[in-house]
Amino acid sequence: MRKSNTERIDAVVQQFMRINGIETPYNQYRLINAWPTVMGADIQRYTGDIFIKNQTLHVQITSPAVKQNLLMEHRVLARRLNEHVGAQVIEDIHFY
């Protein structure tokens, strides 16, 4: 017999994470780990440190030419990364 007050497990887990303050750190972790998948192996080869601070993704790029190309697309890249995670995690990307 099915109860009338059932909820989907993903909604319960998301609510639990939000209540306990771990939803944002978890989404940040997922976004950082999505960088190689979204950007591909060619960009990953030139990627150094990567972290999020104040809704800005900070990415170290070791090639000036690659960095310049990524700078021109930073808004599009931020949108693609957020879409991959399924949440608005970052507003911008800073390459250094």
(request) May I ask you to give the solvent-accessible area per residue for region 1-64, in square angstrom, as obtained with a 1.4 angstrom probe? (result) 77
(message) Under 10 Å, Cα contacts only: if you run a Gaussian network model on the chain, which one of Ala65, Ala41, Ala11 comes out with the highest mean-square fluctuation?
(response) Ala11
(request) Please compute the Cα-Cα pair-distance distribution of region 21-96 with 5 Å bins starting at 0, giving whole percents from short to long. (result) 3, 17, 30, 29, 14, 5, 2, 0
(message) I want the antiparallel fraction of DSSP beta bridges within the chain, as a percent rounded to 5.
(response) 55
(request) Quantify, in whole percent, the carbon and sulfur part of the accessible surface of the chain (1.4 Å probe; protein heavy atoms only). (result) 51
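The values are calculated or read from the model by the stated rules, or taken from the named source; none is laboratory data. Everything numeric here is computed off the predicted structure, so don't read it as measured data. Just the protein is used for accessible areas: all its heavy atoms, side chains included, with ligands, DNA and RNA removed. Shrake-Rupley method; radii C 1.70, N 1.55, O 1.52, S 1.80 Å.
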